[in-house]
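The values are calculated or read from the model by the stated rules, or taken from the named source; none is laboratory data. Remember, it's a predicted structure, so these values are computed and weren't measured experimentally. Neighbour counts are summed over all protein chains in view; Cβ atoms, including those assigned to glycine, are modelled from backbone coordinates with ideal geometry. Protein only, heavy atoms only, side chains kept; ligands, DNA and RNA dropped before computing areas. Shrake-Rupley method; radii C 1.70, N 1.55, O 1.52, S 1.80 Å.
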Amino acid sequence: HNLDAYIVPSDDPHLSEYVPEAYMRRKFLTDFGGSAGTAVVFQDEALLWTDSRYYNEANLQLDFDHWELMKQGLPKVPTITKYISDMAVTHYTNNNRAFQVGIDPFVHAASFAKDLNDAFDNAVISSDLKDDAHIGAIDTLGGDGDGVNLIDEVWGTDRPAIPTSPFRVHPLEYAGVSVQDKVEDIRDEMKDSNTKATMSVFSALDDIAYLFNVRAKGDVATCPVGIAYGTITHDEVVLFCDDAKVQTEEVKQHLKEAGVTIKAYDGIIDEIKSHLANANANANANA
């Protein structure tokens, strides 16, 4: 892939802190099992950043023949973006080409990409390079729905399956607010003159549990949530999940009464792309 660095965070595609085993890629790579930490693999070194909660655990679990522990938060320890941008300056100076950083965009917040690009820009300003020097670039490895995760390629068939624990209904007496009322409130916010949103996308698993009044046992060992996405438009509510998660008649009826359509978990990207294309077409037609 012609990369100079590859970043492996703790997160799953829902940016959860506690993740199913199938998404414990950083643990598979490093043997470090803490819930927070990011590994960065370069061509000639490999580093793990974690905070003070996990210094001792990382010291016990890392193989220091291969890994260096970066104790984030200590005064002389650079952030990940600072470390990479400094390397990018040296790389550009020596090779006259951008430092290529590979990521899986499904497991990084958009804010991280912005922070890294800002770090590249700031590093140029602080260096002797010309202001227009392009010292670094982020490569998502085709991560718009058909991309690859390099850890999965190494993990292969030993990687645990993505769990499909069935949803159960969270009773209204405990939920307090019906799915229909929650959807109505969200649509009201979408219609606000300052928002004018045509689609709301929900990816955090606790948001899904709250919005649809469902819980699951088994997807994440420490949390009663289930792996799924949700979208709300002005005329449709969709829950994107594996069919195995919606098996009982109680859950099916609960979602049907709330006007929820069930679609395949992997369909979320195409759904968003299709919605944006239609929204842009309508906007152009009304211009």
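Of all positions in segment 176-188, none carries a residue that is open to solvent by less than 60 Å² (accessible area, probe 1.4 Å), among the polar types (S, T, N, Q), in a strand (DSSP E or B) and more than 30 Å from residue 160 (Cβ to Cβ).
Assigned to a strand (DSSP E or B), modelled with pLDDT of 95 or more and not hydrophobic (A, V, I, L, M, F, W, C) - does that describe any residue in segment 159-170?
Residues of segment 159-170 that are assigned to a strand (DSSP E or B), as a first pass: 167-169.
Checking which are modelled with pLDDT of 95 or more leaves us with 167-169.
Filter once more, keeping what is not hydrophobic (A, V, I, L, M, F, W, C): 168.
Yes, because at least one residue in segment 159-170 is assigned to a strand (DSSP E or B), modelled with pLDDT of 95 or more and not hydrophobic (A, V, I, L, M, F, W, C).
To keep it simple, each residue is scored yes or no on (1) touching a Pro at 6+ places or on another chain (Cβ under 6 Å); (2) under 19 Å from residue 197 (Cβ atoms); (3) modelled with pLDDT under 95.
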{"residue": "221", "(1), (2), (3)": "no, no, yes"}
{"residue": "231", "(1), (2), (3)": "no, yes, no"}
{"residue": "263", "(1), (2), (3)": "no, no, no"}
{"residue": "280", "(1), (2), (3)": "no, yes, yes"}
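A quick yes/no check of all residues on (1) farther than 22 Å from residue 151 by Cα; (2) hydrophobic (A, V, I, L, M, F, W, C); (3) open to solvent by 30 Å² or more (accessible area, probe 1.4 Å); (4) in a helix (DSSP H, G or I):
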{"position": "73", "(1), (2), (3), (4)": "yes, no, yes, no"}
{"position": "78", "(1), (2), (3), (4)": "yes, no, yes, no"}
{"position": "82", "(1), (2), (3), (4)": "yes, no, yes, yes"}
{"position": "94", "(1), (2), (3), (4)": "yes, no, yes, yes"}
{"position": "106", "(1), (2), (3), (4)": "no, yes, yes, yes"}
{"position": "117", "(1), (2), (3), (4)": "yes, no, yes, yes"}
{"position": "124", "(1), (2), (3), (4)": "yes, yes, no, yes"}
{"position": "134", "(1), (2), (3), (4)": "yes, no, yes, no"}
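Scanning segment 29-48 for residues that are under 18 Å from the mean Cα position of the chain (by Cα), crowded, with 19+ Cβ neighbours inside 10 Å and free of Cβ contacts under 8 Å to residues at least 40 places away in the same chain turns up 34, 37, 39. When residues in segment 219-246 are screened for being of a type in the set (Gly, Ala, Ser) and either open to solvent by 50 Å² or more (accessible area, probe 1.4 Å) or without any contact (Cβ under 8 Å) to a residue 12 or more places away in the chain (or both), 1 of them pass.
In segment 194-211, the residues that are small (Gly, Ala, Ser) form Cβ pairs under 6 Å with partners that are open to solvent by less than 40 Å² (accessible area, probe 1.4 Å) and in a loop (DSSP other than H, G, I, E, B), at six or more places apart or across chains, as follows: 203/14; 204/14; 209/225. Comparison of 273, 256 shows that the only residue that is open to solvent by 90 Å² or more (accessible area, probe 1.4 Å), within 24 Å of residue 197 (Cβ to Cβ), basic (Lys, Arg) and assigned to a helix (DSSP H, G or I) is 273.
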